[in-house]
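The structure appears below as structure tokens.
The values are calculated or read from the model by the stated rules, or taken from the named source; none is laboratory data. Computed from a prediction, not measured in an experiment: that's the story for all the values here. We place every Cβ from the backbone using ideal geometry, glycine too, and count neighbours over all the protein chains shown. Each accessible area value is taken on the protein alone, full model and side chains, heavy atoms only, with ligands, DNA and RNA left out. Shrake-Rupley method; radii C 1.70, N 1.55, O 1.52, S 1.80 Å.
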Amino acid sequence: MGHAAAPGGDREAGHTDDESHGGGDRNGLATGRDVVIVGAGFAGTSVFLHLVRALLRPGPRTRTGPTARPVRSVQVVDPHPVGWGLAFGDSDPLLVCNSAADVNSLLADRPTDFIDYLRARGAPSGPQDCVPRARMAEYCHDRHIEARALAVAHGIEVRHVRDTAVSVSAWSGGHRVRLRGGQEITGDEVVVCTGVHRPRVPDGFAAFAGHPRYLDSPYPADRIRDGLSPGSRVLVLGTHQSAVDAALLLCRDGHRTTMTSPSGLLPAVRQSLAAPVRDFPPLAGIARLDAADPRLEAKVTRCAVEAVRLIDRRPLRAQTSAAADPVRRLREETALVESGACSWPGVVVPLLEEVIALSTALPAARRRALIAHFAWFVGRYATALTVLNARRLLAHFETGALRMAPGYPRAVSFSRGAWRVEWQRTTPTGSGAGFDYVVNATGFLPPELCWDSDGKSVHLDGAPGPAAAVDHLEADLRLRLAPGAQPEHIWVAGVGTHLRIPFSNHLRNVVRQARQVADEIAALP
């Protein structure tokens with residue numbers, strides 16, 4: 001149980017890097033269960049840290065010594081080094097976290113852990129600072145190494161399998177995790193912490209997948225830095241976070257860049273997404289609102305407005321810009337932040353967390369309706385720009401290196417080495433604008449878990465054949481074939497919990513999930 005099983009031989013599954021350390025006898029002499037954590041990004045690392053901490057807490061003792069550990073091995077499956085995935089694994093210094101350092105801790109009960117980590121390494125950081133994303137990758141990697149050493153010292157084997165898990169199948173002795181290379185590893189408990197990696201397909205561009213002048217994502221940054229001809233004309237599809245990253249990278253490297261989206265709106269501006277500095281009684285009642293109340297959305301809005309008034313008596317309209325032109329709006333909202341006249345961001349984190357608490361108690365259809373109603377808030381305010389990136393964008397708008405398109409493309413084609421775009425309305429330069437490259441920056445699809453037709457396997461991101469999408473997740477975060485069925489020994493943490501939890505990438509919520517799953521596994525006999 002828990003050993004790497006390669007069909008047709010005894011060769012180890014996948015590539016196991018130099019982070020592998022033995023701790024127990026995997027031939028049956030050691031006691032305990034074998035855990036597989038799929039994903040070594042933020043969520044997977046948080047699960048691992050919380051699991052090690054849970055396993056090493058002082059427990060009951062018998063006459064012959066300490067009670068046997070409930071877990072004897074942990075295998076982490078990810079093709080990348082721990083921490084260095086899509087979300088944070090980019091060393092380009094232009095890419096910074098959108099959230100403040102004080103909400104980026106891996107540990108639910110130590111909210112300052114990331115700040116402590118930075119300061120211990122000579123990188124002073126204030127609670128509201130937004131640091132380069134690579135610092136987060138280093139933090140995950142280093143904390144994993146520390147926890148691994150502690151686990152190994154206590155007889156728990158830890159291995160990193162450098163491959164991608166594609167499915168989990170039940171069998172008489174536990175679960176088989178099939179890897180993309182065709183090999184398998186086995187475990188008693190499996191925690192699925194897969195992040196996002198499938199780019200959304202923007203309207204009108206489905207036929208251009210794989211085109212040499214079409215980038216389906218701006219990440220990693222070296223795709224832009226090394227893959228485009230100097231001085232290119234580039235159309236960026238999108239105007240939110242990924243698109244802002246793409247525009248900043250392109251403009252820095254000397255490309256003439258145009259941003260476009262159906263809404264034509266840039267995010268609002270704030271200092272950062274930081275932890276709340278006080279309690280907000282108006283928000284505390286959101287989770288207790290009646291799901292059947294036809295005025296539910298209006299009541300949530302009223303709670304949010306009252307919370308903002310606790311920190312700033314100025315009306316919300318005085319803390320944001322109503323300018324129709326997106327660049328003017330960006331300029332005015334940046335000035336509001338810099339002058340200290342923008343207080344609404346102070347309630348965003350507690351508001352998100354209260355809506356999460358409310359949503360988990362709602363029927364699925366009601367939950368979807370609630371989130372759809374507030375899509376405008378999520379698009380502009382929950383995912384607002386840091387003022388640092390807002391200043392950078394404004395500088396490029398002012399030089400003319402960056403501009404906003406007059407609308408979204410009505411039609412697009414590629415001929416004679418250039419993209420031809422027909423806009424939805426006439427432009428000052430006429431229709432048929434030409435571009436050398438198109439960069440899709442409309443974001444990523446959440447992981448799609450699917451039950452195989454036999455109900456014995458779950459595919460971790462879409463299924464190759466007949467399958468049923470996993471459409472529910474209960475409070476214990478364990479998969480079930482149907483509501484009310486016995487839970488599988490398969491947990492989900494992180495972005496994959498979008499089935500039940502809105503804003504599933506909110507890091508403070510992710511670490512709470514990680515602690516919950518780790519405690520449940522550690523408590524198993």
Checklist line | Subset of the range 269-298 that is surrounded by fewer than 19 Cβ atoms within 10 Å (Cβ to Cβ) and basic (Lys, Arg) - its residue that is farthest from the chain's Cα centre (by Cα) | finding: ARG295
Check: Got a sec? Which of LEU266, LEU248 is in a helix (DSSP H, G or I), open to solvent by less than 20 Å² (accessible area, probe 1.4 Å) and of a type in the set (A, V, I, L, M)?
Finding: LEU248
Checklist line | Counted residues, the range 137-159 - those being open to solvent by less than 10 Å² (accessible area, probe 1.4 Å), assigned to a helix (DSSP H, G or I), of a type in the set (A, V, I, L, M) and within 17 Å of HIS80 (Cα to Cα) | finding: 1
Check: Does the range 152-170 include one or more residues that are in contact (Cβ under 8 Å) with a residue 60 or more places away in the chain and in contact with a helix residue (DSSP H, G or I) (Cβ under 6 Å, 6 or more places away or on another chain)?
Finding: yes
Next item on the list: Can you confirm whether the range 212-220 contains a residue that is polar (S, T, N, Q), farther than 14 Å from VAL439 by Cβ, touching a residue at least 60 places away in the same chain (Cβ under 8 Å) and touching a Pro at 6+ places or on another chain (Cβ under 9 Å)?
Entry: no
Notebook entry, point to check: Which of the following residues is within 24 Å of GLY89 (Cα to Cα) and within 22 Å of the chain's Cα centre (by Cα): ASP253, ASP226, ASP245?
Noted result: ASP245
Next item on the list: Tell me which of these TYR437 doesn't satisfy, since it passes every other one: (1) modelled with pLDDT of 95 or more; (2) more than 24 Å from the chain's Cα centre (by Cα); (3) more than 30 Å from PHE414 (Cα to Cα).
Entry: (3)
Next item on the list: Given the conditions (1) within 14 Å of ALA268 (Cβ to Cβ); (2) in contact (Cβ under 8 Å) with a residue 24 or more places away in the chain, report the number of the one that GLU332 does not fulfil.
Entry: (2)
Notebook entry, point to check: Quick one: ARG515 ticks every box in (1) surrounded by 19 or more Cβ atoms within 10 Å (Cβ to Cβ); (2) of a type in the set (D, E, K, R); (3) out of contact with any Lys or Arg (no Cβ under 9 Å at 6 or more places or on another chain) bar one, so which box is it?
Noted result: (3)
Note to self: Can you tell me how many residues within the range 339-368 are open to solvent by 50 Å² or more (accessible area, probe 1.4 Å), of a type in the set (A, V, I, L, M) and part of a helix (DSSP H, G or I)?
What the structure shows: 1
Notebook entry, point to check: All but one of (1) touching a Gly at 6+ places or on another chain (Cβ under 7 Å); (2) open to solvent by 40 Å² or more (accessible area, probe 1.4 Å); (3) within 25 Å of ASP476 (Cβ to Cβ) hold for ARG162; which doesn't?
Noted result: (3)
Next item on the list: Please verify whether the range 372-388 includes one or more residues that are over 15 Å from ARG233 (Cβ atoms) and assigned to a strand (DSSP E or B).
Entry: yes
Notebook entry, point to check: Of these, HIS373, HIS396, which one is touching a residue at least 40 places away in the same chain (Cβ under 8 Å) and closer than 23 Å to SER217 by Cβ?
Noted result: HIS396
Check: Taking the range 299-320, which residues are more than 30 Å from the chain's Cα centre (by Cα) and in a helix (DSSP H, G or I)?
Finding: ARG309, LEU310, ARG317, ALA318
Note to self: Restricting to the range 379-405, and then to whatever is among the β-branched types (Val, Ile, Thr) and open to solvent by less than 40 Å² (accessible area, probe 1.4 Å), can you tell me which residue is nearest to the chain's Cα centre (by Cα)?
What the structure shows: THR386
